[in-house]
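A.B. asks: Structure in structure tokens, see below.
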Amino acid sequence: MFRLARELAGISYSKIAAECDIKPERVGTLARGQGSVTSFDKVVAIADALRIPGHLLGLAPRPWEGTASAPVLPDRDEDTSARGREDVRRRQFLRAGSGAGLAVGIPDLVMQRAGRRIGREFPALLRERTARLRRLDDVLGGGDTYRVYLGEYQQTKALLRDSTCAEETRLNLLSVLAEQAQQAGWAAFDGGRETDAAGLYKDSYSAAVEAGDTDLAGNALAFLAYQTVAGDRKAGVEIAARSCRTIAHDAPAGVRALLHERMAWACAVAGLATDAEKALHHAEEALADIDSAPQPDWVAWVDSNELQIMSGRCWSELHRPLRAVPVLEAALARYDDSHARDKALYLSWLADSYLTAGEIEQAAKVTGRTLDLADGIASVRPKQRLAPFLKRLAQHRDVPAVADVLEKAAA
């Protein structure tokens, strides 16, 4: 199957290795007919990666079988619950097409040029491919996207090792590699692979520094701070501050806004209210500078509404519900349900603030909506976020609305 996948579908052994969680050299050995795969878990992983129907391998039908038909888009006048069901179907459809098949569906620029001399136009084409694949994160969790993003990173790394190019082209490729490492690191973090995420962020930082790309170097540190602050608040704040110092004063406005936002979050988690507010103010000032100047694709999602959400999250984390609730209510009303994972997470901070304010029924209502959105998302973060909150909410299980949402959570 591995040999046929390469010869007939053009899927490289390195991509198969990333998708099936097998070392690339073993994939090559198996493709030559040497050795065999006998582990049940590995057979399942290969079936899912190459979309082999279960019955062909003596397995039960795989979860993705029968979900790959085109989604039916809802009419504009359908109610919210109907749109929610369509969002779930859309995620199922995209998940069924993700992995090796989806990545190969985009022209495989790396595979076509590996081992050759690379032209100066290639890094820009590869960066465009990276941007297109980034859109998967809008609707899928890291459990679905990690191996896709990791495969892209591994191929670019191999390209730098095995091909020749001018020095300027090499530096541009290193910049793309740094961007891909961040994308893979984020998916790893979202999918519960904490150690992999930290390693990829550090690799990204090294590649960005070598490339002379201070913006991506600063963002690699910001990612690392976001992950670190949950376990070591002091270290997280220090890394976030370093990320802001790394970028130049004339960095794109979106980059400055993003890094100051993450600085604000680190400070909020550490209980530093004044520093958090100051960082939010710097982020707001940066966003005000955005005009027609080009911004890197990896900050395209940063806008005034996203900043309002981060502000509300910070005030919620600082136990200031009177400041958090109105900001989150207004911003989340404008936030589309198709971004299910992120909206579920953001709503959890709104529910938390309602509970802190003693609005038990409203907290339960928002929690129910959070559970609906998080259903079927391949991300560990909504569950991690909700677990301690549900324990707090359970102290009010005598309230009917709370009893209902606890039953939903258990189911």
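The values are calculated or read from the model by the stated rules, or taken from the named source; none is laboratory data. This is a predicted model, so every value here is computed, not measured. Every residue, glycine as well, gets a Cβ built from its backbone with ideal geometry; the counts of neighbours run over all protein chains shown.
A.B. asks: Go through the range 169-183 and give me each residue that's within 15 Å of the chain's Cα centre (by Cα) and either within 11 Å of Ala217 (Cα to Cα) or not polar (S, T, N, Q) (or both).
C.D. replies: Within the range 169-183, the subset within 15 Å of the chain's Cα centre (by Cα) is 179-183.
Result: Glu179, Ala181, Gln182.
A.B. asks: Just to be sure I understand, how many residues within the range 234-273 are of a type in the set (Lys, Arg), closer than 23 Å to Asp196 by Cβ and within 22 Å of the chain's Cα centre (by Cα)?
C.D. replies: Looking only at that region, the number is 1.
A.B. asks: Using beta carbons and a limit of 6 Å, which pairs, at least six apart or on different chains, have the first residue in the range 312-334 and closer than 17 Å to Ala266 by Cα and surrounded by fewer than 20 Cβ atoms within 10 Å (Cβ to Cβ) and the second one modelled with pLDDT of 95 or more and not hydroxyl-bearing (Ser, Thr, Tyr)?
C.D. replies: If the second residue must be modelled with pLDDT of 95 or more and not hydroxyl-bearing (Ser, Thr, Tyr), the pairs left are Leu318/Ala268; Leu318/Ala273.
A.B. asks: If you scan the range 394-408, which residues turn out to be out of contact with any His (no Cβ under 7 Å at 6 or more places or on another chain) and in contact (Cβ under 8 Å) with a residue 40 or more places away in the chain?
C.D. replies: Once the filter is applied, which keeps residues that are out of contact with any His (no Cβ under 7 Å at 6 or more places or on another chain) and in contact (Cβ under 8 Å) with a residue 40 or more places away in the chain, the range 394-408 yields Ala401, Asp404, Val405, Lys408.
A.B. asks: Out of Thr169, Thr145, Thr130, report the one residue that is part of a helix (DSSP H, G or I), of a type in the set (Ser, Thr, Tyr) and crowded, with 24+ Cβ neighbours inside 10 Å.
C.D. replies: Result: Thr145 is the single residue among Thr169, Thr145, Thr130 that is part of a helix (DSSP H, G or I), of a type in the set (Ser, Thr, Tyr) and crowded, with 24+ Cβ neighbours inside 10 Å.
A.B. asks: Continuing with this model, one more query. List the pairs whose first member sits in the range 277-294 and is within 21 Å of Arg245 (Cβ to Cβ), whose second member is outside any helix (DSSP H, G or I) and at pLDDT 90 or above, and whose Cβ atoms are under 8 Å apart, counting only residues at least 6 apart or on separate chains?
C.D. replies: As it stands, the answer is Leu287/Val302; Leu287/Asp303, since those pairs meet every condition given.
A.B. asks: Also, I was wondering about something else. Which ones in the range 348-397 are acidic (Asp, Glu) and within 20 Å of Arg323 (Cα to Cα)?
C.D. replies: The answer is Asp352, Glu359, Glu361.
A.B. asks: Counting residues that are surrounded by 15 or more Cβ atoms within 10 Å (Cβ to Cβ) and touching a Gly at 6+ places or on another chain (Cβ under 8 Å), which helices (runs of 4 or more DSSP H) fully inside the range 11-52 reach at least 3? Break it down stepwise before answering.
C.D. replies: Numbers: elements: 13-20, 24-31, 40-49.
Per the criteria, 13-20, 40-49.
A.B. asks: Taking the range 339-380 as the search range and keeping residues that are of a type in the set (A, V, I, L, M), assigned to a loop (DSSP other than H, G, I, E, B) and at pLDDT below 95, which one is surrounded by the fewest Cβ atoms within 10 Å (Cβ to Cβ)?
C.D. replies: Val380
A.B. asks: A further question follows. Between a residue in the range 183-200 that is within 21 Å of Pro296 (Cβ to Cβ) and any residue that is outside any helix (DSSP H, G or I), which pairs come within a Cβ distance under 7 Å, given they are 6 or more apart or on different chains?
C.D. replies: Listed pairs, sorted by first residue: Asp190/Gly141; Asp190/Ser379.
A.B. asks: Still on this structure, I have one more. Scan the range 105-134 residue by residue and report those that are farther than 16 Å from Glu167 by Cα, at pLDDT 85 or above and of a type outside the set (Lys, Arg).
C.D. replies: Hits for the range 105-134 are Leu125, Leu126, Glu128, Thr130, Ala131, Leu133.
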